[in-house]
Amino acid sequence: MATHLHNYINIAPQNQDSRIILDPQSEGGLRTEGPRKTGLGLILQDKRTPEQTQSNKDIANDFIRVLTKEYGHEIASIFQENYLQDHVNKGSPLTGYRITAVLDKANQLRDSMMSENEAILNRCLPELTRTALDNIGHTDALPLEEAQAIVHQAILESPAFSLMAVMDKDLHVLNSLDLSGIADDGEGRRRVDEKFTREFIGVAESALLETLEERRNNLPD
């Protein structure tokens, strides 16, 4: 039974101090198995059986899989490297507390990156729209303001847009450097804008072509 994000969300709050493991026979594919080790138990953690260690690694890898599906590879990688490394490599127990902490931080990071996404989109929109109109050979087919609104909505609804932050760390690093004034020559912003345009020019062209096609089909005979 494949686990999903809501399964982890549901089990974590009431089991902050408990070891959580995969169990295909349990509801949601997860169950608890006693509290995590503290004090002397923590000192003796190497007494875990190989089966327990492997079970801990298995759920850590499954949790990362769920994170990747929900938040994208980049955010999942950040948390694997900084919050879940011992769980994956050494078989440390995954507790409800750890799950809650990771998900809270992942949501904060995604919200922050989505704000950056929207700022980049708004900055690139006029030139991106003009380029898309030129590419499809309909430069004057729509007023620029209307065409921009069509492109803006299409990109916001694009799955690639919601995942852009986590797919491309460099894009956001460059944008942050430029916005903070570190890249005074504007080189960072130029590179970000070019990369964004390459990523979404196809979305813009398709949205504009679809709009023009709908209007042609609605013309009276």
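Bear in mind that the values in this text are calculations on the coordinates, not laboratory data. If you're wondering where the values come from, they're calculated on a predicted model, not measured in any experiment. Because the Cβ atoms are built from the backbone with ideal geometry, glycine has one as well, and the counts that use them run over all protein chains shown.
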- line: Everything considered on the Cα gyration tensor (a ≥ b ≥ c; rounded for a/c under 1.5, else prolate if a/b is larger than b/c, else oblate), the range 49-139 must be described as prolate
Distance (nanometres) between label positions extended 7 Å along Cα→Cβ at Glu33 and Arg216: 6.2 nm
- request: Answer with one residue from Ile20, Leu5, Ser77: the one whose Cα lies farthest towards the positive end of the charge dipole of the range 5-94, charges on Cβ with Lys, Arg +1 and Asp, Glu -1.
  value: Ile20
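Which ordering of Thr49, Thr197 is given by a fewest-first count of other beta-carbon atoms within 10 Å? Numbers along the way, then the final one.
Working: Thr49 8, Thr197 16.
So the ranking, lowest neighbour count to highest, is Thr49, Thr197.
Which shape class applies to the range 5-94: rounded if a/c is under 1.5, otherwise prolate when a/b exceeds b/c and oblate if not, where a ≥ b ≥ c are the square roots of the Cα gyration tensor eigenvalues?
It is oblate, given that a/c is not under 1.5 and a/b is not larger than b/c.
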Distance between modelled label sites at Arg123 and Arg191, nm, 7 Å Cα→Cβ extension: 1.3 nm
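Size of the dipole of the range 5-94 about the Cα centre, Lys and Arg at +1 and Asp and Glu at -1 on the beta carbon, nothing else charged, in debye to 20? Walk me through the intermediate numbers first.
On the way: 10 positive and 12 negative charges, 48 e Å.
Dipole about the Cα centre, nearest 20: 240 debye.
For Leu209 and Thr131, compute 0.36 nm times the residue count separating them, minus their Cα-Cα distance, and round to one decimal in nm. Don't skip to the answer; put the middle values down first.
Working: separation 78, 0.36 × 78 = 28.08 nm, distance 1.33 nm.
Length gained, Leu209 through Thr131: 26.8 nm.
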